[in-house]
Amino acid sequence: MSDSLGARLREVRTARGLSLRSVAQALGVSASLLSQVEIGRTQPSVSTLFALAAHLGVSLDDLVGQGGAAVDASDAASPPPASPRPAATTVQRSHDYPVIEMENGVRWEKLAATADGPADALLVTYQPGASSSIEGKLMRHAGVEYAYLLEGELTLQLEFDTFTLGAGDSLSFDSMRPHMFSNVADRPAKGVWFVFGRRAHNLAAPTAPGILVEPAVPASAVDVLRAMERMD
């Protein structure tokens, strides 16, 4: 998936007429790092991926794509009906989850969701030592996050507060609040995330040092997991 992700990022960047150097300068990273991401030799961190998608004007969801075929569970073995039926159930098989493997052991798997539904869903895994920002910067983006931790232990830094979550714990917060996730334990942490709110916001407002603020952040975490397909 890293090769595909990098190729999509490069395709959109060139379609926008943006140079590698100008994008790197806008994000505060090296042109060498972006080049390595585009050719699939390295993976971006969560925060860098958010910033890239925001600067290029694409959603996280589009970078991953829609994945496997959707199945109507109520009539999976029957031929398609003559006219569309409302409220059909979408089933996504486990081997069809679109995946992004990010730098430092963070993995996103896009779960089934209807295109116009109110929430996006992700299965998220943080390996030991993994963090949503290897730069140590807090990030913020549009939307509201809801999550339930299935296994392991995950640390959430939310503004000036720090929370340690274990299996069975849940969380909810406005994603515009500066935050960072990290796994300081010795085993993987895995949970299910639901993110509401897909509209991009301009985050030009001043903020405290050390907080990563993208100029136009994707609407949700799965938004760097849907616009690139419009380029096809």
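The values are calculated or read from the model by the stated rules, or taken from the named source; none is laboratory data. As the structure is a prediction and not an experimental result, all values here were calculated from the model. Positions of Cβ are generated from backbone atoms using ideal geometry, with glycine treated the same way; all protein chains shown enter the neighbour counts. Accessible surface areas use protein heavy atoms only, side chains included; no ligands, DNA or RNA. Shrake-Rupley method; radii C 1.70, N 1.55, O 1.52, S 1.80 Å.
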_Taking amide H atoms as placed 1.01 Å from N in the peptide plane, list the residues 5 or more away in sequence, or in a different chain, whose amide H sits under 5 Å from that of ILE134._
VAL46, SER47
*Of the listed peptides 124-135, 41-52, 144-155, what is their order by residue-averaged count of other C-beta atoms within 10 Å, with the highest listed first?*
41-52, 124-135, 144-155
_Taking R0 as 30 Å, what FRET efficiency do you get between LEU33 and ALA167 from their Cβ-Cβ distance, rounded to the nearest 0.05?_
0.30
*Between LEU150 and ALA24, what is the spin-label point distance in nm, taking each point 7 Å from the Cα along the Cα→C-beta axis?*
3.8 nm
*Evaluate the distance, in nm, between pseudo-label points positioned 7 Å from the Cα of ARG187 and of THR90 along their respective Cα→Cβ axes.*
3.3 nm
_Tell me the accessible surface of ILE39 in square angstrom (1.4 angstrom probe, heavy atoms of protein chains only), to the nearest ten._
80 Å²
*With every protein chain in place, segment 101-163: carbon and sulfur % of accessible area (1.4 Å)*: 51 percent
